[in-house]
Amino acid sequence: MADEERKSRGPRREPREERDNEFVDRLVHINRVAKVVKGGRRFGFAALVVVGDQKGRVGFGHGKAREVPEAIRKATEAAKRGLVRVPLREGRTLHHDVVGRHGAGRVTLRSAPAGTGIIAGGPMRAVFETLGMHDVVAKSQGSSNPYNMVRATFDALKHEDSPRSVAARRSIKVSTLQSRRVGVDADAVDA
């Protein structure tokens, strides 16, 4: 009888589980903080997590709690709420070089030929791996604080433009834009 009722309602769907499976998350940093109270110290934890679908979407989140797993869960939820889409050339690298800043942190991201791999340190590497980028050269200058590095990396990725979006903004065809670029490269070689 229960089987017949289930058939009449249709198949069970759990879209949340399917959605969660497409994301990859990386724990970038955990910070332990102490609050001094009458009986001693109370410890809390802050987690920085980067989440992405390895197909061009990525986000980061910050979570704080009394226990590490709870802080990671909160950070993951925050990261999924703030996903950003980044245009990738051939699904593997950036379209153009870009610089990002946040606070005292400054990062330079450069597109790279196939087979280069991810040449980046710590927090930036986590962002590129979850984004699905395969070839990139990155340099961090200034602050080595993981929070500032991740935010500076996201600032740089937000300034990344695809030829399609540039062509749409200028109301021209992508082929026209690409042909102009080829002409500029030929002039640079001649000079």
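Remark on H29: its backbone amide H falls under 5 Å from those of L48, a criterion applied only to residues 5 or more positions apart or on other chains, H modelled at 1.01 Å from N. PRE reach from E22 (point 7 Å along Cα→Cβ): which of segment 79-94 fall under 15 Å by backbone N? Once the point is set 7 Å along Cα→Cβ of E22, 80-86 turn out to lie under 15 Å by backbone N, inside segment 79-94. Based on C-alpha pairs under 8 angstrom that are at least 6 apart in sequence, segment 86-174 has a relative contact order of 36 percent.
With the highest mean first, a sort of the peptides 127-140, 105-118 on other beta-carbon atoms found within 10 angstrom per residue produces 127-140, 105-118. Spacing of the modelled spin labels on I119 and K173, each 7 Å from Cα toward Cβ, amounts to 3.7 nm. Model label sites at Q141 and E67, defined 7 Å from Cα along the beta-carbon direction, differ in position by 4.5 nm.
Listed by Cβ neighbour count within 10 Å, with the fewest neighbours leading, I72, I30, I172 appear as I172, I30, I72. Compute the FRET efficiency between E77 and A34 as 1/(1 + (r/R0)^6), taking r as their Cβ-Cβ distance and R0 = 22 Å, and round to the nearest 0.05. E(calc), rounded to 0.05, equals 0.30.
All of the numbers you see were taken from the coordinates with simple rules; none came from a lab. Only a predicted model underlies this, so the values are computations on that prediction, with no experimental measurement involved. All Cβ positions, glycine included, derive from the backbone under ideal geometry; neighbour counts span all protein chains shown.
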